[in-house]
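Asker: Sharing a structure, written as structure tokens. Questions coming.
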Amino acid sequence: MSRQTAEELIKFIEKSPSSFHAIDTMSRELEAAGFRHLYEEEAWEFQAGGKYYVTRNGSSVIAFTIPANEMKSFQIIASHSDSPTFKLKENPEIEVEKQFVKLNVEKYGGMLMAPWFDRPLSLAGRLLVQEEDKIVTHLVNVDRDLVMIPSLAIHMDRKANEGYVYNPQVDLLPLLGGAGTKGSLMKILGESAGVSPEAVLGMDIYLYNRTKGSIWGAEEEFVSSGRLDDLQCAFASLKALLASENQDHVMVHCVLDNEEVGSLTRQGAASTFLKDTLERIAGCLGKDREGYLRAIASSFMLSADNGHSVHPNYQDKTDDSNRPYINGGIVLKFNASQKYTTDGTSAAVFRSICRSANVPCQTYVNRSDIPGGSTLGNISNGQVSVHMADIGLPQLAMHSPYETSGVKDTEYLIEAARAFYSADIEILNGGTYKVNM
Ligand code: CO
């Protein structure tokens, strides 16, 4: 079962080389499961028991179910659709001595740079194309090995193994072609998207790793792929939503773009996308402002973003008494400065759900002398202030273009997320919580 789920995860990620493709992949699965596409620009109407989804920018999605009974609250799982990569700049082709064409790119997010070298890469994203009197979005994925970032030979830099400071403007520019290939990029992109290159007016195109996902290890206990952070959580949350039913609250699967660059975009966790959507749901279900605020006060959210396993070569990088391991179950993340939203309350509620679902739960806290990353939970809480816990799956090599996690863990998250969606979390008089499974 775990193995099959890991294979499905690999396929899901293969179909999702950019955040646009991730949302497209999820939209197709939602459609197939009977979810109806709503558009923010149009009027919304719901049927009791109906299932819907809405996207923003084509790179964030919120899918939700309307309960058969009067809606009491929202139970939300949020994850992110983007991963650190390199974005093509405008006018990306640079000719080198008439013998090479390389691409001008800039960093998107905080990636590990070294593993981007010497592996087949390609390009995916979207093109904005003039078609008669309209500008139309086309997803594009050049589905072949197209570019590479070659290392400098050890003979030309004898100190290469003694630590190197990468300059993204110099070291990380991918090679596209040889002599005579200037001008081929837009043709290749246009051909892949089935559009004329002259009609392209805009683009958002990113590098991605072509190395296929792999299941490996002595007992095939590890799964490696690009974009596990955070498509592993997005995948698990979607699978759980499709397998859950609830008659009393709105189940919300929310996958937001731009987490890796701070979330402050029209479709990111700092935007009004989630808030606008929840308000509209409440409004369309006949709730007034007070009704909406009461629903929000009773709501619960899991911010699901991958965390760090203890690393077998660097054990001392993990906190002394909170030591998550791959295949040890879901990681509940804590931080006194509340970069992670988990507190005593939300930890208790989440642990109670995991206990009922028989899913193991581990804890992550940064070492006090190593500042950790941040995620979308506390950012989202600025717009939609609900009880929240930060969770994730333990992984190695976070922000490498090829990350490693556990075969069992995806299954654990699906189970816990299903239990979370199906449970009714009641918040009584501010300090008492009842989890009805
Ligand atoms: Co992440």
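Asker: Can you tell me which residue within segment 268-287, out of those that are touching a strand residue (DSSP E or B) at 6+ places or on another chain (Cβ under 7 Å) and within 16 Å of the ligand (Cβ to nearest atom), is farthest from E70 (Cα to Cα)? Spell out the reasoning first.
Answerer: We begin by selecting, within segment 268-287, every residue touching a strand residue (DSSP E or B) at 6+ places or on another chain (Cβ under 7 Å); these are 268-269, 273-274, 277-278, 281.
Among the residues that remain, those that are also within 16 Å of the ligand (Cβ to nearest atom) are: 268-269.
Values: G268: 30, A269: 28 Å.
The extreme case among them is G268.
Asker: Then there's this: Mind telling me which of the residues A348, A389 ends up being surrounded by fewer than 19 Cβ atoms within 10 Å (Cβ to Cβ), farther than 30 Å from S214 by Cα and either small (G, A, S) or within 16 Å of the ligand (Cβ to nearest atom) (or both)?
Answerer: Result of the check over A348, A389: A348.
Asker: Among (1) closer than 21 Å to A419 by Cβ; (2) small (G, A, S); (3) not in a loop (DSSP other than H, G, I, E, B), there is one condition A68 misses while meeting the rest; what is its number?
Answerer: Single failed check for A68: (3).
Asker: Of the conditions (1) more than 19 Å from Q232 (Cα to Cα); (2) within 15 Å of the ligand (Cβ to nearest atom); (3) touching a helix residue (DSSP H, G or I) at 6+ places or on another chain (Cβ under 8 Å), G372 clears all except one; give me its number.
Answerer: Result: G372 fails condition (3) only.
Asker: Is it true that L242 is open to solvent by 30 Å² or more (accessible area, probe 1.4 Å) and at pLDDT 95 or above? Outline the logic, then answer.
Answerer: Details: open to solvent by 30 Å² or more (accessible area, probe 1.4 Å): yes; at pLDDT 95 or above: yes.
Criteria met by L242.
Asker: Which of the residues that make up segment 98-155 are in a loop (DSSP other than H, G, I, E, B), open to solvent by 50 Å² or more (accessible area, probe 1.4 Å) and among the hydrophobic types (A, V, I, L, M, F, W, C)?
Answerer: Going through segment 98-155, the residues in a loop (DSSP other than H, G, I, E, B) turn out to be 98-99, 109-113, 117-120, 132-133, 142-146, 149-153.
So of that shortlist, the ones also open to solvent by 50 Å² or more (accessible area, probe 1.4 Å) come out as 98-99, 112, 118, 132-133, 143-145, 150-152.
Within segment 98-155, L112, L152 meet the criteria.
Asker: Another question, then. May I ask you to list the residues in segment 302-314 that are more than 16 Å from the ligand (Cβ to nearest atom) and open to solvent by less than 100 Å² (accessible area, probe 1.4 Å)? Break it down stepwise before answering.
Answerer: Just the residues of segment 302-314 that are more than 16 Å from the ligand (Cβ to nearest atom), to begin with: 310-314.
Of everything in segment 302-314, those that are more than 16 Å from the ligand (Cβ to nearest atom) and open to solvent by less than 100 Å² (accessible area, probe 1.4 Å) turn out to be V310, H311, P312.
Asker: From the set of residues in segment 54-100 that are out of contact with any strand residue (DSSP E or B) (no Cβ under 9 Å at 6 or more places or on another chain) and over 30 Å from E426 (Cα atoms), which is nearest to the ligand (Cβ to nearest atom)?
Answerer: So the residue we want is N57.
Asker: Now a separate question. Quick check, is E426 away from the ligand (no atom under 16 Å from the Cβ), touching a Lys or Arg at 6+ places or on another chain (Cβ under 7 Å) and either more than 24 Å from S60 (Cα to Cα) or not hydroxyl-bearing (S, T, Y) (or both)? Please lay out each step first, then the result.
Answerer: Numbers: away from the ligand (no atom under 16 Å from the Cβ): yes; touching a Lys or Arg at 6+ places or on another chain (Cβ under 7 Å): yes; either more than 24 Å from S60 (Cα to Cα) or not hydroxyl-bearing (S, T, Y) (or both): yes.
Against the criterion (away from the ligand (no atom under 16 Å from the Cβ), touching a Lys or Arg at 6+ places or on another chain (Cβ under 7 Å) and either more than 24 Å from S60 (Cα to Cα) or not hydroxyl-bearing (S, T, Y) (or both)), E426 qualifies.
Asker: On to the next question. What do you reckon, is S368 open to solvent by 50 Å² or more (accessible area, probe 1.4 Å) and farther than 26 Å from G262 by Cβ?
Answerer: So S368 fails the test.
Asker: Follow-up question, since we're still on this one. Can you tell me which residue within segment 101-120, out of those that are within 16 Å of the ligand (Cβ to nearest atom) and touching a Ser or Thr at 6+ places or on another chain (Cβ under 6 Å), is nearest to G291 (Cα to Cα)?
Answerer: The selected residue is Y108.
Asker: While we're here: Need pairs with beta-carbon distance below 6 Å; first residue closer than 22 Å to L121 by Cβ and touching a residue at least 12 places away in the same chain (Cβ under 8 Å) and within segment 149-165, second aromatic (F, W, Y) and open to solvent by less than 100 Å² (accessible area, probe 1.4 Å); sequence gap 6+ or separate chains.
Answerer: Note: pairs meeting the criteria are I149/W116; I149/F117; S151/F117.
Asker: Please enumerate the residues belonging to segment 28-55 that are closer than 18 Å to M301 by Cβ and not hydroxyl-bearing (S, T, Y).
Answerer: First, pick out the residues of segment 28-55 that are closer than 18 Å to M301 by Cβ: 53-54.
Across segment 28-55, the qualifying residue is only V54.
Asker: Looking at R158, is it over 27 Å from S192 (Cα atoms) and over 23 Å from the mean Cα position of the chain (by Cα)?
Answerer: Numbers: over 27 Å from S192 (Cα atoms): yes; over 23 Å from the mean Cα position of the chain (by Cα): yes.
Spelling it out, R158 is indeed over 27 Å from S192 (Cα atoms) and over 23 Å from the mean Cα position of the chain (by Cα).
Asker: While we're looking at this one, here's another question. Of all the residues that make up segment 7-52, how many are in contact with a helix residue (DSSP H, G or I) (Cβ under 8 Å, 6 or more places away or on another chain), in a loop (DSSP other than H, G, I, E, B) and open to solvent by 30 Å² or more (accessible area, probe 1.4 Å)?
Answerer: Selection size over segment 7-52: 5.
Asker: Across segment 315-345, which residue is least open to solvent (accessible area, probe 1.4 Å) among those that are more than 16 Å from the ligand (Cβ to nearest atom) and within 10 Å of V365 (Cα to Cα)?
Answerer: Restricting attention to segment 315-345, the residues satisfying the condition of being more than 16 Å from the ligand (Cβ to nearest atom) are 315-323, 325-329, 334, 336-338, 343-345.
Next cut, within 10 Å of V365 (Cα to Cα) only: 318-323, 334, 336.
Values: T318: 11, D319: 28, D320: 129, S321: 96, N322: 31, R323: 69, F334: 46, A336: 105 Å².
Ranking the candidates gives T318 first.
Asker: Filter segment 209-259 for residues that are assigned to a strand (DSSP E or B) and within 16 Å of the ligand (Cβ to nearest atom); which is nearest to P394 (Cα to Cα)?
Answerer: At the first step, the residues of segment 209-259 found to be assigned to a strand (DSSP E or B) are 209, 214-216, 222-225, 249-256.
So of that shortlist, the ones also within 16 Å of the ligand (Cβ to nearest atom) come out as 225, 254-256.
Details: S225: 14, C254: 21, V255: 19, L256: 20 Å.
Looking at residues that are assigned to a strand (DSSP E or B) and within 16 Å of the ligand (Cβ to nearest atom), I get S225.
Asker: Just one of R266, R294, R280 is open to solvent by 50 Å² or more (accessible area, probe 1.4 Å) and outside any helix (DSSP H, G or I); which is it? It would help to see each step written out before you state the result.
Answerer: Values: R294 fails: outside any helix (DSSP H, G or I); R280 fails: outside any helix (DSSP H, G or I).
Step by step, each of R266, R294, R280 is checked, and only R266 is open to solvent by 50 Å² or more (accessible area, probe 1.4 Å) and outside any helix (DSSP H, G or I).
The values are calculated or read from the model by the stated rules, or taken from the named source; none is laboratory data. This is a predicted model, so every value here is computed, not measured. Here the Cβ is made from the backbone with ideal geometry for all residues, glycine too, and neighbour counts use every protein chain on show. Ligands, DNA and RNA are stripped out before the accessible areas are found, and what is left, the full protein with its side chains, is counted by its heavy atoms. Shrake-Rupley method; radii C 1.70, N 1.55, O 1.52, S 1.80 Å.
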